[in-house]
Amino acid sequence: MNNEQRGSPYCTIELPVLAAAAIKAYHIEASAELAAWLKYAPLDYVQITNHDDVDLKLTLDQGEWFLIPSGAIETFKNKPWRRLDIENLDAAASTTLGKVIIVVKKMAGGS
């Protein structure tokens, strides 16, 4: 069974402190956090758990974007990507370490 058929393990990333209005990019070819998942690219599953007090914006491949409100858990499936950006939409407050968790993977039989 090849990687396309079996998918990948989950990769869990804790968002670092992100200044007000700042963006953190995770590119599958360049991010240390995703290095082991390069062989599964493109990934096609993202779950964001936002237990922080700020709203976030998730952008996939610098195109399609989604609002991740404070207190929300949002899951996106079957959306192939090689880069995801997380933007802090608050104009004054930083994110808090440990409050935003990103889980990504390649789904079995995925794109």
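Reducing the stretch 65-79 and the stretch 86-108 to their Cα centroids gives an inter-centroid distance of 10 Å. As a rough guide to protection, the peptides 63-72, 14-23 ranked by mean Cβ packing within 10 Å, highest first, stand as 14-23, 63-72.
Among residues other than residue 37 whose Cβ falls under 12 Å from its Cβ, what is the net charge (Lys/Arg +1, Asp/Glu -1)? Taking every other residue near residue 37 into account, the sum is +1.
Count Lys and Arg as plus one, Asp and Glu as minus one, and take only other residues whose Cβ is under 12 Å from that of residue 104; the net charge is then +4. Shape descriptor for the stretch 53-111: Rg over Rh equals 0.99 (Cα atoms; Rh from the Kirkwood inverse mean 1/r). Here the ratio of the Cα radius of gyration of the stretch 3-105 to 2.2 N^0.38 Å is 1.02.
Since every read-out is calculated from the coordinates, none of them should be taken as a lab result. Here the structure is a predicted model, which means the values were calculated and not measured. Cβ: placed from backbone, ideal geometry, glycine included. Neighbour counts: every protein chain shown.
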